[in-house]
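A.B. asks: Encoded as structure tokens, here's the structure I'll be asking about.
The values are calculated or read from the model by the stated rules, or taken from the named source; none is laboratory data. The structure displayed is predicted, hence computed values, not measured ones. FYI the Cβ positions are ideal-geometry reconstructions off the backbone, even for glycines, and counts take in every protein chain you see.
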Amino acid sequence: MERGNRRSLVLTAVVALTAVVAASCTSGGAKSSASTSSAPTTTASAAGSTTTVAPPTVGSQVRAVALSALSVVDQTQAFALIGPRYYYATGAVGVAETVDGGAHWTAVATQQALKPLSYESGLVFATAERGWAWQAGPSAGGTDAPAPTTQPLMTTDDGGHTWKAVPAITGVEQVLPVGQSVWVVTQSPPAPVATAPVVLWTSSDGGATWARSTPAPPPVRSLVRVTASTAYGIGGSGIVTTTDGGASWSTVGTVPCPNPTAGPPLPLLSAGGVGDLWLLCSGQPGAGNQAKQVYRSSDGGASWHLAASVPLGGAAPGGSTPAVGKISGGGYVQQLTALSPERAVLALDRGGLFETVDGGVHWMAVGPGADVAVVSVTSAGVGLALLDGAPWRTTDGVHWTPVG
């Protein structure tokens, strides 16, 4: 199950999951889309300090290179925000939909419909009609995450054509739907991410009405839901869980990452089922590389074993753990999505997309390496990935093929 949404995000739930659109440069950046009157255009400085995507018109065709914050509904339908991800960029300028598995994308909403969204934004659709968008905060992941936001949750019930704000719900970190049950995790600025108090908003009617959960959960991030009542998260340096829909929480174990509260980057948690947890620790990125450790738990986080590790400069994140298994040292961690005790998908900026089918010991590249990797995979294994704007598709979470 996807760690949702920062980079979701992305996370998770599904989060997340998101990409920056940059012009081609000598260092191998993502290609920019052609400038036309009907499709979004992208521009970027050589230093990457400014990135823009021109707003589309509703009904116009959108090139996949201009998409971010992908959310898959089924084998043919998915939604995405039009626009770049990073906080120094212009933010979402619209919403696009595909009904042919990612081959073609059409704008269904413009920037005006999404106001006041800006900066790095998240998107989750639970059905073909019902979805949520938000400006992501710092636990969305990454070293350059923006400050917590006071912008409200945005919701749609007509497939993204119209949006309305939920004024009471601001500072959104994650949106986690399971059937008609929807959770929204919020955090108020300007507290540090790892220890900041959070608020859990819950809905039992698909988001029509909301209630603030009491008592409040412990400071938690990277929350993942495996059923309507069971969830796991990282609370400070411990793993916390609820089995009664958030009415009560308990700490079941510790986070094995070195300095788990000292990020960014902060650890990412995902779940392949009840009790089956995946934890990804990462070091400070640099020069296109990042140390990584993948830990696995089969008892809900009470105990962990190291499945894979790659050091950077002779040391794994925060220590001297030697290389274990096979995982790329290249690329920066963006999103981890567990699908089962054996299968998971890992998206890396400046690295591309990787998958494992042996419980996280060996990670294999999917398609070409990519500066930008955006991915969304459902719990059934149906997914799309945008690798530098090129769409790839899977129906089982294992076998990926280029679209078109």
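A.B. asks: Would you mention how many residues in region 238-259 are outside any loop (DSSP other than H, G, I, E, B) and under 22 Å from TRP201 (Cβ atoms)?
C.D. replies: The total comes to 4.
A.B. asks: Further, regarding this structure: For residues that are modelled with pLDDT under 90 and either farther than 27 Å from VAL226 by Cβ or out of contact with any Pro (no Cβ under 9 Å at 6 or more places or on another chain) (or both), tally how many sit in region 264-288.
C.D. replies: Of the residues in that region, 6 qualify.
A.B. asks: I'd like the full set of residues that are surrounded by fewer than 21 Cβ atoms within 10 Å (Cβ to Cβ) and of a type in the set (Asp, Glu), limited to region 226-276.
C.D. replies: ASP244, the sole residue that qualifies.
A.B. asks: Among the residues of region 379-401, which ones are crowded, with 20+ Cβ neighbours inside 10 Å, assigned to a loop (DSSP other than H, G, I, E, B) and not small (Gly, Ala, Ser)?
C.D. replies: Those that are crowded, with 20+ Cβ neighbours inside 10 Å, assigned to a loop (DSSP other than H, G, I, E, B) and not small (Gly, Ala, Ser): VAL382, ASP388.
A.B. asks: Could you please give the count of residues in region 365-377 that are buried (at least 21 other Cβ atoms within 10 Å of the Cβ) and not in a strand (DSSP E or B)?
C.D. replies: Total satisfying the criteria: 3.
A.B. asks: Filter region 109-144 for residues that are at pLDDT below 70 and surrounded by 24 or more Cβ atoms within 10 Å (Cβ to Cβ) and give the result.
C.D. replies: Those that are at pLDDT below 70 and surrounded by 24 or more Cβ atoms within 10 Å (Cβ to Cβ): LEU117, GLU120, ALA136, GLY137, PRO138, SER139, ALA140, GLY141, GLY142.
A.B. asks: Here is a further query. Quick check: anything in region 311-321 among the hydrophobic types (A, V, I, L, M, F, W, C) and modelled with pLDDT of 90 or more?
C.D. replies: Scanning region 311-321 turns up no residue that is among the hydrophobic types (A, V, I, L, M, F, W, C) and modelled with pLDDT of 90 or more.
A.B. asks: Check region 90-106 and report whether any residue there is crowded, with 23+ Cβ neighbours inside 10 Å, closer than 22 Å to ALA211 by Cβ and modelled with pLDDT under 95.
C.D. replies: No, the conditions are met nowhere in region 90-106.
A.B. asks: Also: Within region 199-239, track down each residue that is over 17 Å from the mean Cα position of the chain (by Cα), over 23 Å from ALA380 (Cα atoms), β-branched (Val, Ile, Thr) and at pLDDT 90 or above.
C.D. replies: VAL199, THR202, THR209, ILE239 - these are the residues of region 199-239 that are over 17 Å from the mean Cα position of the chain (by Cα), over 23 Å from ALA380 (Cα atoms), β-branched (Val, Ile, Thr) and at pLDDT 90 or above.
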